[in-house]
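*Asks:* Quick one: the structure is below, and I'll ask about it shortly.
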Amino acid sequence: MTGLVTTTPALETRALVAGYEPDLPIVRGVDLSVAPGELLVVLGPNGAGKSTFVKAIAGVAPIHGGSVTLAGRDITDVPAHRKITQGLAFVPQTENIFATLSIHENLQLAAAVLPKPVRPDRIRALYDRFPDLAIAPSRLAGALSGGQRQMLAVARALIVDPPLIILDEPSAGLSPKIVSEVFEMLQRINATGVTVILVEQNVKAALKIASRAVILVEGQIRHEGAATALLDDPILAKLYLGTGHARNHSREAELP
């Protein structure tokens, strides 16, 4: 008789509590397990704690309780600049590129965490993956379109070839056409085996590319499920509108 085969989660949080004031937590005891290769979208109404949640995982928002593990390694107290070298890349919503530097200079700066001999090959590989950036590498990042900026931000994050990337609202301020292009890019990245965690307000577009979704309300996961199933789930509307009741697994959770 063979034993059960278990897979170590790509990322796991246990009872995670985070926020900018210790006595006013924004994230309140979140348990989340993300499987290797998943494309997970984190949804929720404004003020639900989505961005604080992923920023805490990435090391740029204070954690006051609980734990974060990356492929089985505890990274709860690892500084943000060291998490990237351990395999966790984070693309914040704003200030994710250096606008006064060129495309190539942005990539060179991101590559500084790598051993010097491998930097040129890694940058060339990213130009192959993002041909729009390769067309004019000397162009200032500040002159790029919104979609190109997001491509550069993602390319910078991928410079260390991380197994997991987290993005906070990558579609913010973009036109529907550019949103589609950005999401297609994320699908291609995910198809290479990279685990993707995506915070989004563009619910329908995000659910169409995700494999699974969780919904945060008041800093807690209130509902989760396969992305395709949630597209037509009435609970989704209830959680966003803040009315009625929703069942999370076997328990009832009163909505705000």
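*Asks:* Across region 22-38, in residue order, what do the Karplus-derived ³J(HN,Hα) couplings come to in whole Hz, using 6.51 cos²θ - 1.76 cosθ + 1.60 with θ = phi - 60° and x for Gly and Pro?
*Replies:* Along region 22-38, the couplings run x, 8, 10, x, 9, 9, 10, x, 8, 9, 8, 10, 10, 7, x, x, 6 Hz.
*Asks:* To continue, here is another question. As a test, work out the antiparallel percent of DSSP beta bridges whose residues both lie in the chain, rounded to the nearest 5.
*Replies:* So the antiparallel bridges amount to about 60 percent of the total.
*Asks:* Past the 26 Å Cα-Cα mark, which pairs from LYS83/LYS177; LYS50/LYS208; LYS50/LYS83; LYS204/LYS238; LYS177/LYS238?
*Replies:* LYS83/LYS177; LYS177/LYS238
*Asks:* What residues qualify as long-range amide H neighbours of ALA71, i.e. H under 5 Å apart, gap of 5 or more or another chain, H built at 1.01 Å from N?
*Replies:* Those lying under 5 Å, H to H, from ALA71 are LEU11, GLU12.
*Asks:* Here is a follow-up. Sticking with the crude label model, points 7 Å out along Cα→Cβ, report the distance from SER175 to GLU95 in nm, one decimal please.
*Replies:* 2.9
*Asks:* Could you check the spin-label model distance between ASP77 and LEU140? Points 7 Å from the Cα along Cα→Cβ, value in nm.
*Replies:* Those two pseudo-labels are separated by 4.4 nm.
*Asks:* If you plug each phi of region 90-97 into the Karplus form 6.51 cos²θ - 1.76 cosθ + 1.60 with θ = phi - 60°, what whole-Hz ³J(HN,Hα) values come out, in order, with x for Gly and Pro?
*Replies:* 10, 10, x, 5, 10, 6, 9, 9
*Asks:* In Å, what is the Rg of the alpha-carbon atoms in region 95-161, and how long is Dmax?
*Replies:* Both quantities, over Cα of region 95-161: 10.7, 32 Å.
*Asks:* Any chance you could check the Cα centroid distance between region 102-135 and region 165-185 for me, in angstrom?
*Replies:* 21
*Asks:* At what distance in nm do the modelled label points of ARG14 and LEU114 sit from each other, each positioned 7 Å from its Cα along Cα→Cβ?
*Replies:* In this crude label model, ARG14 to LEU114 measures out at 3.4 nm.
*Asks:* Using only the alpha carbons of the chain, determine the length spanned along each of the three principal axes and report them from longest to shortest in whole angstroms.
*Replies:* 55, 48, 44 Å, listed from the longest principal axis down.
*Asks:* Moving on. Kindly provide the helix-only [θ] at 222 nm of the chain, computed as the sum of -39,500 (n - 2.57) over DSSP H runs of four or more divided by all residues, to the nearest 500 deg cm²/dmol?
*Replies:* After summing the helix terms and dividing by residue count, I get -9000 deg cm²/dmol.
*Asks:* Listing ASP132, ASP232, ASP121, ASP168 from the residue with the fewest other Cβ atoms within 10 Å to the one with the most, what is the order?
*Replies:* ASP232, ASP121, ASP132, ASP168
*Asks:* State, in angstrom, two size descriptors of region 1-144 derived from its alpha carbons: Rg to one decimal place and Dmax to the nearest whole number.
*Replies:* 18.3, 62
FYI, it's all coordinate maths here, none of it is from the lab. Predicted model, so just to flag it, every value in this text is computed and none were measured. With ideal geometry, Cβ positions are generated from the backbone for all residues, glycine too; neighbour counts draw on all protein chains shown.
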